[in-house]
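To start, the structure itself, in structure tokens.
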């Protein structure tokens, strides 16, 4: 009987069930869920940094153009902002968040207990800086955290937009939506109908300063920055209105 227990223990260890290693069947399912197994199931990719027409009063004139890519077998839904400058500056709903204290991007697992095989999973649990004093300081300093395109600061009408498997959405944000001590997050969820009382989960894809290619960092830092938009800021262009062409 004792020998049987030893054999069972060895068998469990060989399958990785006690050391946190993924099961082979789970790995196979993950690879079929991902369209490109070398990339996350939803991710942001930088296209370029350059001049951008401000959508809100007080915004910088430099922006980041990115692509949100759906790299999984299920459609996802995000919120785009349909405004008068949609063709020039397509935008999405995002939130600007102070980085966690002493965090260097989104790979820090400080304070989390994990096994040796799990060090690559700690970025799932990165939480925004909730320290009231530090957040107030970040909001009031010379390099203060701006408001994102949410909470009444949307430069356009929020519209649900489905991104099919393998699809992508191009959009831009002001360059000050990312900094060395803050990042922005784009919320999304799978485009699946809610069945019964069980609620579908939701998530976000984050973009940190470290995700910005080095060739663009100087442009972002040295570009003119205006004061962050205040709660009373207004649109430079009302939705549905297009400015007439300027005389040559």
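The values are calculated or read from the model by the stated rules, or taken from the named source; none is laboratory data. Not measured: the values here are computed from a predicted model. When we count neighbours, we look across all protein chains shown, and the Cβ atoms used for this are built from the backbone with ideal geometry, even at glycine.
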(request) May I ask you to say which residue of 49, 96 is over 16 Å from the mean Cα position of the chain (by Cα), surrounded by 15 or more Cβ atoms within 10 Å (Cβ to Cβ), part of a strand (DSSP E or B) and modelled with pLDDT of 75 or more? (result) 49
(request) Answer yes if at least one residue in the range 159-167 is closer than 13 Å to residue 44 by Cβ and within 13 Å of the chain's Cα centre (by Cα), and no otherwise. (result) no
(message) Restricting to the range 170-218, name every residue that is part of a helix (DSSP H, G or I) and buried (at least 18 other Cβ atoms within 10 Å of the Cβ).
(response) 175, 176, 177
(message) Condition first: closer than 16 Å to residue 164 by Cα and free of Cβ contacts under 8 Å to residues at least 60 places away in the same chain. Now tell me which residues in the range 181-197 satisfy that.
(response) 193
(request) Considering only residues that are in contact with a helix residue (DSSP H, G or I) (Cβ under 6 Å, 6 or more places away or on another chain) and over 23 Å from residue 158 (Cα atoms), look in the range 63-78 and name the one that is surrounded by the fewest Cβ atoms within 10 Å (Cβ to Cβ). (result) 73
(message) Condition (residue is at pLDDT 65 or above, surrounded by 13 or more Cβ atoms within 10 Å (Cβ to Cβ), farther than 24 Å from residue 116 by Cα and under 20 Å from the mean Cα position of the chain (by Cα)) applied to the range 23-35: is it met by at least one residue?
(response) yes
